[in-house]
Each structure stands twice: as C-alpha cells, then as structure tokens.
C-alpha cells in the first residue's frame, strides 16, 4: 500500500499492510510564509516516514479591522463574513498547495481547523467566552458570519485537493473542566454551527477532534464525520477500547502528547503497543492526543515510528487473515 491507500483503508476499517501513524508540531509558521512552512512540514514527515501529511494551522486572521478582542456585546456585530483574501488565509492556502504538489497523490494532506467559537476566542482570548454565552442575540449573528467564513474556507481547501481536516472542537468538554460548557450551551452555540461546517467538509475525510479533557463524546457522535481523534490518555477521557465499543468509526490517538517529552522510551513503546492492542490494530491511526512539543527529542519520535512498525510486523498477518 502507498500512504493514501493505507489511510483510506484505516478510515474504512479495512485491513492494512501496517498501522498508519502521524504526529505534528508547531513551526512558528505565523512568522514564515506558506512555502517555508511547507518545507519544514515536509522535512518532518519524510524524516519519520509519517503516513499523514498533517498540517498545523498557525496563521490567525484578524477578528475584524481594528478589533483586537471582545469587550462588549456590540463588538460581536463587527465580525462579518470574510472573503479569505487576508494574508493569514492566503499563506495557509499556499502551505496546502505546496504540500499537495510536493507529496503528489500518494500521501494524504490533512489540514487543521477549529470550531466557530474557537475561531473567535483564539484571537479574542478564552476569558471572553461569557460575552458570547451571555448575549445570545449578538452571538448568533456573529457565529453565523464566522461559520459562513469557515464553510467558504472548507470549500476552498477542497478545491486545492486537501484530503481531510482535523477539526478541533470544545463541544465535548463537560463542566467538570474549567474549559467546559453545559449541555444547553452546546445545543445552542455549538451544534447548529458545527453541523453546517461538517456539511461543508463533506468530500474530505472529516477528523473530529474533541479537545482537552473531561470529554462527553455523546455530544458529538451525532455529527457526520469519518475519524474520531482525542487525548485518549487524558484525564476523564475515554480509552480507545471504550470508544471502539461505542462507534465503528476510525479512531485516532494512542500516546500522550503532553508527557511524551519526558517518558522513558520503553514505557513509550509499551504505551503504543497497548493502544494498538486495545483495538487489534483495526480502524486506527496511531497519533498523539494533540500537538507534541517542538523540543521533543528525535530519539523519542523515532521510538514512536519504530514501535508502530514493530507491532505491525508482529500482528499484521493476523489482521489480513481476519479480513479474509
């Protein structure tokens, strides 16, 4: 199999010749143009023979001209639908085009994006979220505009030839976490807009990534998507085995991105073996729970690659027989 074939087989839960794997980190891309960012991404992907060319999204467009944060409910009305002409959009598009041309049709190129509320709070600051939730009239007008911009973005990257999107959402975080929200807030401020984004992403592989910890996956399992990615090693997060019992969708996870930098290599190897054993290596993309630190040693990253290959070599014949 080439990497594209391996990726789509895993997404469909079909037999693979080895378990596909990936990881990703930041390259300070906001200070670089898209072509230079693509070069750094490609070097990482080739160095560790990653199966997915998963692209970071570090270019953050402005909220609106002259608007740096949200101070009042009226500020939300200043956020309009965008035409994607801003530098930050254009550099991300350039990054994706260069990656697509560089890797051809044999490697899946995966973009990264964020739910409509994160699109705002990543710029305005997370502490401003109550301005959104406490002022629903203005918030819904803003979220309609942000969602339309995001849908336009999805349609554009689809035309570039992007194969999938890792879509980060905070909708699954319960109130047990300081970053969490209630069921009612999810139903009002997340579900309608996220479902519209899922529709715009149709035709690409939709990798839904419930972010952080204390997750209630039932909040997002009703969305239309193909792959579920989360911090399966995080606090109050379901394991791979628990989610396999709840869904037959492809799962994405396996090792702890936060602790990997200091983990003894034998323990890291055991963690990866355990992850693949939990789901018998079927319908899984081995990955970190989120972005790994940029200073993780190369020997650690090599251990991840080698552990996946070792497990695949020892178990892959069984996967093929089970498929026959």
Percentage of Cα-Cα pair distances in the stretch 1-43 greater than 14 Å, rounded to whole percent?
-> 58
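Viscosity 0.692 mPa s, temperature 37 °C: Stokes-Einstein D of the stretch 22-81 from its Kirkwood Cα radius, in µm² per second?
Working: Rh = 14.0 Å.
Value of D from the Cα-based Kirkwood radius: 235 µm²/s.
Using a/c under 1.5 as the rounded threshold, could you call the stretch 171-216 rounded, prolate or oblate? The axes a ≥ b ≥ c are square roots of the C-alpha gyration tensor eigenvalues, and prolate needs a/b larger than b/c, oblate otherwise.
On the way: a/c = 4.18, a/b = 1.68, b/c = 2.49.
It comes out oblate by the Cα gyration axes.
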When the C-alpha atoms of the stretch 123-177 are aligned to their principal axes, what extent does each axis show, in angstrom, from largest down?
-> 39, 27, 17
Nearest 10 degrees, 0 to 90: helix 34-47 Cα axis against the chain principal axis | 20
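Rounded, prolate or oblate for the stretch 72-161? Axes are the square roots of the Cα gyration tensor eigenvalues, ordered a ≥ b ≥ c, and the cut-off for rounded is a/c under 1.5. Can you show the working numbers first?
Details: a/c = 2.91, a/b = 2.54, b/c = 1.15.
Since a/c reaches 1.5 and a/b is larger than b/c, the shape of the stretch 72-161 is classed as prolate.
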DSSP beta bridges in the chain: the antiparallel percent, rounded to 5, is 5
How big is the stretch 211-295 in terms of Cα radius of gyration and Dmax, in angstroms?
-> 12.7, 38
Mean projection of the alpha-carbon convex hull of the stretch 121-277 over all orientations, in nm²?
-> 10.5
On the first, second and third principal axes, largest extent first, how far apart are the outermost C-alpha atoms of the chain in Å?
-> 60, 41, 38
Quick one: grab Rg to one decimal and Dmax as a whole number for the stretch 60-109, Cα atoms only, in Å.
-> 16.1, 49
The rounded separation in angstrom of the Cα centers of the stretch 11-53 and the stretch 210-233 is 22
Kindly express, to the nearest 10 degrees and within the range 0 to 90, the angle between helix 87-103's C-alpha long axis and the longest C-alpha principal axis of the chain.
-> 20
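Give the dimensionless ratio obtained when the Cα radius of gyration of the stretch 1-109 is divided by 2.2 N^0.38 Å. Could you put the intermediate results ahead of the total?
Numbers: Rg = 17.8 Å, N = 109, 2.2 N^0.38 = 13.1 Å.
Normalised Cα radius of gyration, the stretch 1-109: 1.36.
I'd like to compare 197-207, 299-309, 260-270: which one has the highest average count of other Cβ atoms within 10 Å, and what's the full order after that? Present the calculation step by step, with values, prior to reporting the outcome.
On the way: 197-207: 19.7, 299-309: 18.2, 260-270: 14.6.
The packing order, highest mean first, is 197-207, 299-309, 260-270.
Here, each number is a calculation from the coordinates, and none is a lab measurement. No experiment lies behind these values; they were computed from the predicted model shown. Note that each Cβ is placed from the backbone with ideal geometry, even for glycine, and that neighbours are counted across all protein chains shown.
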